[in-house]
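The values are calculated or read from the model by the stated rules, or taken from the named source; none is laboratory data. Small disclaimer: the values here were computed from a predicted structure and weren't measured. Virtual Cβ from ideal backbone geometry, glycine too; neighbours counted across all protein chains shown.
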Amino acid sequence: MGRTPPAEEPETGKPSGSAALPLGRHPRDLAALIAAIVVFVLCSLVARAATVNPVEAAIYQQLARIPPASRAVWQVLDWAGGWAGVVAVAAVAFYAKRIRVGLSCAAAGAVGWALARVADPLTGGRHVSPGVLGPGAGPLPAGIDPFPAPQAVMAAAVVAVAAPYLKTGYRRAGWALVVLVAVAGVHLGHNLPVDVFAGVFLGWGVGAAFHLAWGAPGRRTSAMAVFQALGQAGLEPVTVTPVRAHWRGPLQFVVTTAASAGTLRVEAVRRLRRRAGLWYRLRRLLASLEVEDEPPLSSTYHEAEHEALVTMLAERGGVPTPPVLLACRAPDGSALLVRRQIEGHRLTRLAPAEISESLLEALWGHIASLGDARIAHHDLRAKNVLVDVEGKPWLLNLTLSKAGATKARTDQDTAEALVSIASLVGVERAVLSAAKALPPDRLESALTYLQPLALPRRIRKQLRNQRVMLADLRESLADRIDRPLPIFRSPVRPSRVLGLLLIGAAVYTLLPQLATLPGVLDLLGQADWWWLAATVGTGLLAIALSAVSIRGASAAPLPFWYTTAAQFAAAFTGRTTPGGVGFFGINVAFMERLGIRRAQAVGVAMLNVAATGVIGGVWSVAGAFGLGSAGLVTNVSMPGGWPVFAAAGGVLAVGAAVLGSPWGRRRVVWPALRVMRDLAATMRQPRRALQLWGGAAAYLAVSGLGLVTSLAAFQPEVPVFAVITAFVIGHTFGHIVPTPGGLGAVESLTVGSLVALGIAPAGAVAAVLVSRVLTYWLPVLPGVAVFRYLQHRRIV
């Protein structure tokens with residue numbers, strides 16, 4: 001009983017009948033092309049230098065030390081990055097009847113190869129002087145080295161073109177293969193690191209240009225695809241209208257049909273919504289009781305089928321939930337879950353006065369029925385409760401549910417519902433309504449799970465003041481059912497364990513440098529005290545300059561003198577707490593006293609730190625290459641041996657996994673994107689931009705002068721810019737370690753940078769330790785006094 005799909009009408013959302021994947025141009029492709037061009041041009045400027053940069057040579061030497069036993073693997077990877085790989089990818093695409101993809105990959109590989117050949121003579125090639133790479137560093141002969149690396153360009157171009165047609169796992173594997181091809185070119189001696197780095201970005205730009213020229217499939221399921229799937233299932237759709245939903249949730253459509261099915265609600269699932277990452281599991285492991293995790297699923301279609309099954313079981317148990325009509329696949333491969341449309345509003349959309357006691361009692365009755373049917377919802381939030389036009393509650397979103405659940409898991413559902421409902425109507429009303437509908441024994445079991453480590457983040461974040469409200473909820477519930485409060489014990493915290501390990505690693509790294517302790521003590525006895533007095537002055541001046549930076553980070557005006565005083569107080573609170581937590585605390589408290597909202601105050605502090613980090617990172621990279629090109633870096637060396645290389649690879653893999661995890665995206669990636677947007681916004685206000693960026697740069701420069709003056713106290717000649725750059729490198733990367741003041745890491749990195757400049761180890765250790773004491777730790781003492789003064793004046 002099929003019917004001809006109508007032509008597309010944008011005003012009604014009726015889709016056309018084409019079965020092809022929708023192609024389009026995306027702004028991100030233009031941004032990728034511009035970024036690739038900029039990076040390639042910068043790499044070209046580096047490649048035109050008369051000599052190979054010592055930093056680049058050190059990386060080359062390290063990769064050349066990979067054990068020879070793996071050489072065959074690297075040769076295969078290098079071979080696969082060339083024409084053989086392009087032909088293989090195109091052949092696989094043709095075999096899978098993806099003619100367009102195969103032709104695009106073959107063309108991208110050919111264009112990448114041609115661009116690499118054209119770019120090499122235009123940049124003048126890479127001139128490698130004899131012996132610059134060190135003895136035994138690899139088979140790269142002296143003379144001209146191709147720039148950019150052709151294999152890296154071709155591999156990156158093919159992967160970039162094919163990426164939109166692949167699933168997430170295959171895309172990541174493809175880019176991992178590109179990185180391995182680039183490493184193979186360096187290890188085998190065919191290219192230098194800058195050659196392959198530029199090649200990867202050039203290939204990425206080729207892929208972006210192809211997408212801009214001929215289009216690429218997007219990630220959103222179209223109304224057309226939903227129309228076709230429902231038509232094939234015999235539901236006779238008339239209109240398919242996308243509706244606004246949570247950006248991380250599934251796409252949703254409202255469908256009107258000509259059949260008896262009426263109005264339908266369709267969810268298009270393109271990714272699994274199981275978010276139990278490593279950090280989540282670690283928190284659960286440290287909880288004081290056993291907590292069941294969400295059941296895993298194998299695919300998006302499995303997820304849709306699972307929700308359909310559990311929905312039918314819930315209906316059989318007397319739980320009202322929108323009936324499921326169909327679970328199927330759309331032509332673009334996404335899973336569709338079709339259910340009847342129930343008109344109404346989510347519980348979270350209602351004001352507390354609109355939520356009646358009868359509604360709450362009915363909701364608790366449905367939760368009890370769900371537990372009696374031994375179905376665990378796993379996401380029992382107020383947001384997943386629909387109140388229809390008659391005021392009756394319906395339970396939604398059984399995606400994370402589990403049939404045949406244990407009593408312990410249904411008790412977790414009750415605890416999560418208590419937290420969510422209390423966040424809407426208050427603790428007293430939530431407890432009173434639950435006590436009327438549920439027996440005391442059931443609530444006593446749920447009482448055990450009312451602790452932060454037992455609740456997932458999506459539940460905890462609903463509370464405005466998490467620990468206070470949870471404690472109030474526990475106490476009120478215990479009083480209402482006349483049961484004792486459970487005792488929670490979880491003495492171990494992941495942050496404490498991690499902090500101890502990092503401090504131990506930092507101290508272990510610093511101990512070998514202190515082996516020259518007698519020489520250091522002799523130098524201290526011969527120090528020029530006038531230079532050391534100047535060092536103290538630079539430390540105090542740097543704190544005042546940090547006030548300029550933080551004033552630029554704030555859209556609201558901040559008084560200069562009180563802002564400066566707050567930074568002196570932050571020298572006490574921030575430098576004595578891990579990760580600089582006290583710095584945020586003192587500045588947020590100061591800005592709140594001025595009437596700035598807490599969220600905005602936290603954003604100002606983060607923006608200031610981010611600006612200093614960006615300036616430090618750019619200065620570190622540019623300064624390292626600049627010093628290398630000037631011939632001032634003479635002692636650059638990287639740890640050798642296969643274990644070190646394997647450990648570095650492991651660290652990179654763990655870092656990528658953390659950033660790709662839900663926790664990493666939530667705690668690192670998304671806040672970083674917000675901060676970058678704020679940094680870009682300051683550029684539209686010249687005065688703020690000058691204060692923010694100029695203050696951050698001046699803070700680093702003056703702090704670096706403290707290292708210059710302390711080194712001048714021990715030796716007559718000091719390369720000023722080189723020493724300041726060494727300080728910026730140590731300060732920027734050392735403070736990544738979450739120890740108080742970056743203790744251990746900053747000293748180790750700074751000493752290593754000074755030694756690379758040709759400064760004697762004893763002098764480097766003496767200068768670094770003295771400058772850190774006088775410029776970083778000594779200001780803590782006046783910071784204590786200023787902190788007490790600001791407290792007395794109620795400024796913080």
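Would you mind listing the helices (runs of 4 or more DSSP H) fully within the stretch 689-796 where at least 3 residues are modelled with pLDDT of 80 or more, within 34 Å of the chain's Cα centre (by Cα) and over 28 Å from residue 562 (Cα atoms)?
Per the criteria, 720-734.
Output the residue which, of all residues in the stretch 94-125 that are among the β-branched types (Val, Ile, Thr) and closer than 19 Å to residue 33 by Cβ, is surrounded by the most Cβ atoms within 10 Å (Cβ to Cβ). Full working, then the answer.
So in the stretch 94-125, the residues among the β-branched types (Val, Ile, Thr) come out as 99, 101, 111, 118, 123.
Still in the list and also closer than 19 Å to residue 33 by Cβ: 111, 118.
On the way: 111: 19, 118: 10.
For the stretch 94-125, the residue satisfying everything is 111.
Take the stretch 314-333 and flag every residue that is closer than 27 Å to residue 231 by Cα and over 37 Å from the mean Cα position of the chain (by Cα). Before the answer, list the steps.
Initial filter on the stretch 314-333 (closer than 27 Å to residue 231 by Cα): 315, 321-333.
Answer for the stretch 314-333, where residues must be closer than 27 Å to residue 231 by Cα and over 37 Å from the mean Cα position of the chain (by Cα): 315, 323, 325.
Can you tell me how many residues within the stretch 319-376 are among the acidic types (Asp, Glu), outside the structural domain of residue 432 (by TED's automatic domain parsing) and out of contact with any strand residue (DSSP E or B) (no Cβ under 8 Å at 6 or more places or on another chain)?
Count: 0.
Out of (1) under 37 Å from the mean Cα position of the chain (by Cα); (2) free of Cβ contacts under 8 Å to residues at least 60 places away in the same chain; (3) within 26 Å of residue 315 (Cα to Cα), what's the single condition that is false for residue 435?
Condition (1) is where residue 435 drops out.
Would you mind finding the one in 432, 447 that is out of contact with any His (no Cβ under 8 Å at 6 or more places or on another chain) and over 20 Å from residue 379 (Cα atoms)?
Criteria check complete, one pass: 432.
For the stretch 450-463, which positions are closer than 15 Å to residue 379 by Cα, of a type in the set (A, V, I, L, M) and in a helix (DSSP H, G or I)?
454, 459
Test residue 450 against the stated conditions and say whether it is within 39 Å of the chain's Cα centre (by Cα), aliphatic (A, V, I, L, M), closer than 22 Å to residue 472 by Cα and surrounded by 19 or more Cβ atoms within 10 Å (Cβ to Cβ). Walk me through how you get there before you give the answer.
On the way: within 39 Å of the chain's Cα centre (by Cα): yes; aliphatic (A, V, I, L, M): yes; closer than 22 Å to residue 472 by Cα: yes; surrounded by 19 or more Cβ atoms within 10 Å (Cβ to Cβ): yes.
So residue 450 passes the test.
Report, by residue number, each residue of the stretch 583-601 that is closer than 28 Å to residue 728 by Cα and surrounded by fewer than 16 Cβ atoms within 10 Å (Cβ to Cβ).
none
Could we say that residue 528 is modelled with pLDDT of 80 or more and of a type in the set (Asp, Glu) here?
For residue 528, the condition - modelled with pLDDT of 80 or more and of a type in the set (Asp, Glu) - is not met.
For the stretch 356-382, name all the residues that are touching a helix residue (DSSP H, G or I) at 6+ places or on another chain (Cβ under 6 Å), surrounded by 19 or more Cβ atoms within 10 Å (Cβ to Cβ) and more than 28 Å from residue 240 (Cα to Cα).
Hits for the stretch 356-382 are 360, 364, 367, 371, 375, 376, 377, 380, 381.
Among (1) at pLDDT below 80; (2) in contact with a Pro (Cβ under 9 Å, 6 or more places away or on another chain); (3) in a helix (DSSP H, G or I); (4) among the β-branched types (Val, Ile, Thr), there is one condition residue 602 misses while meeting the rest; what is its number?
(2) is the only condition that residue 602 fails.
Do you know which residues across the stretch 13-56 are over 13 Å from residue 198 (Cα atoms), of a type in the set (Ser, Thr, Tyr) and at pLDDT 60 or above?
Residue satisfying the conditions is 51 alone.
For the stretch 403-423, indicate whether the set of residues that are over 17 Å from residue 361 (Cβ atoms), under 29 Å from the mean Cα position of the chain (by Cα), surrounded by fewer than 19 Cβ atoms within 10 Å (Cβ to Cβ) and in contact (Cβ under 8 Å) with a residue 24 or more places away in the chain is non-empty.
Within the stretch 403-423 (the criterion being over 17 Å from residue 361 (Cβ atoms), under 29 Å from the mean Cα position of the chain (by Cα), surrounded by fewer than 19 Cβ atoms within 10 Å (Cβ to Cβ) and in contact (Cβ under 8 Å) with a residue 24 or more places away in the chain), the answer is no, since none of the residues qualifies.
Test residue 87 against the criterion of being modelled with pLDDT of 80 or more, part of a helix (DSSP H, G or I), aliphatic (A, V, I, L, M) and over 32 Å from the mean Cα position of the chain (by Cα), and give yes or no.
Details: modelled with pLDDT of 80 or more: yes; part of a helix (DSSP H, G or I): yes; aliphatic (A, V, I, L, M): yes; over 32 Å from the mean Cα position of the chain (by Cα): yes.
Yes, satisfied.
Taking residue 589, is it in the same structural domain as residue 773 (by TED's automatic domain parsing) and modelled with pLDDT of 80 or more?
Working: in the same structural domain as residue 773 (by TED's automatic domain parsing): yes; modelled with pLDDT of 80 or more: no.
Taking the combined requirement at face value, the residue does not satisfy it.
Anything in the stretch 391-421 that is touching a Ser or Thr at 6+ places or on another chain (Cβ under 9 Å) and of a type in the set (A, V, I, L, M, F, W, C)? List them, or say none.
394, 395, 396, 398, 408, 415, 421
May I ask you to verify whether residue 385 is touching a Leu at 6+ places or on another chain (Cβ under 8 Å), surrounded by 15 or more Cβ atoms within 10 Å (Cβ to Cβ), at pLDDT 90 or above and among the β-branched types (Val, Ile, Thr)?
yes
Kindly indicate whether residue 10 is out of contact with any Asp or Glu (no Cβ under 7 Å at 6 or more places or on another chain), buried (at least 16 other Cβ atoms within 10 Å of the Cβ) and at pLDDT below 65.
Against the criterion (out of contact with any Asp or Glu (no Cβ under 7 Å at 6 or more places or on another chain), buried (at least 16 other Cβ atoms within 10 Å of the Cβ) and at pLDDT below 65), residue 10 does not qualify.
Report, by residue number, each residue of the stretch 436-447 that is assigned to a loop (DSSP other than H, G, I, E, B) and buried (at least 16 other Cβ atoms within 10 Å of the Cβ). Break it down stepwise before answering.
So the first thing to find is which residues in the stretch 436-447 are assigned to a loop (DSSP other than H, G, I, E, B), and the list is 438-439.
Across the stretch 436-447, the qualifying residue is only 438.
Matching residues to (1) touching a strand residue (DSSP E or B) at 6+ places or on another chain (Cβ under 7 Å); (2) at pLDDT 80 or above; (3) among the β-branched types (Val, Ile, Thr):
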position: 171; (1), (2), (3): no, yes, no
position: 216; (1), (2), (3): yes, no, no
position: 219; (1), (2), (3): no, no, no
position: 236; (1), (2), (3): yes, yes, no
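Quick one: count up the residues across the stretch 130-169 that are β-branched (Val, Ile, Thr) and at pLDDT 85 or above.
Looking only at that region, the number is 4.
Could you pull out the residue among 390, 315, 303 that is buried (at least 21 other Cβ atoms within 10 Å of the Cβ) and out of contact with any helix residue (DSSP H, G or I) (no Cβ under 7 Å at 6 or more places or on another chain)?
303
Could you list, in sequence order, the residues of the stretch 383-398 that are touching a residue at least 60 places away in the same chain (Cβ under 8 Å) and hydrophobic (A, V, I, L, M, F, W, C)?
Within the stretch 383-398, 386, 394, 395, 396, 398 meet the criteria.
Would the stretch 107-129 turn up any residue that is modelled with pLDDT under 90 and over 19 Å from residue 199 (Cα atoms)?
yes
Return the pairs, sorted by first residue and then second, in which the second residue is part of a helix (DSSP H, G or I), the first residue lies in the stretch 61-81 and is free of Cβ contacts under 8 Å to residues at least 40 places away in the same chain, the beta carbons are less than 8 Å apart, and the residues are 6+ apart or on different chains.
Once the first residue is free of Cβ contacts under 8 Å to residues at least 40 places away in the same chain and sits in the stretch 61-81, its partners that are part of a helix (DSSP H, G or I) give 79/85.
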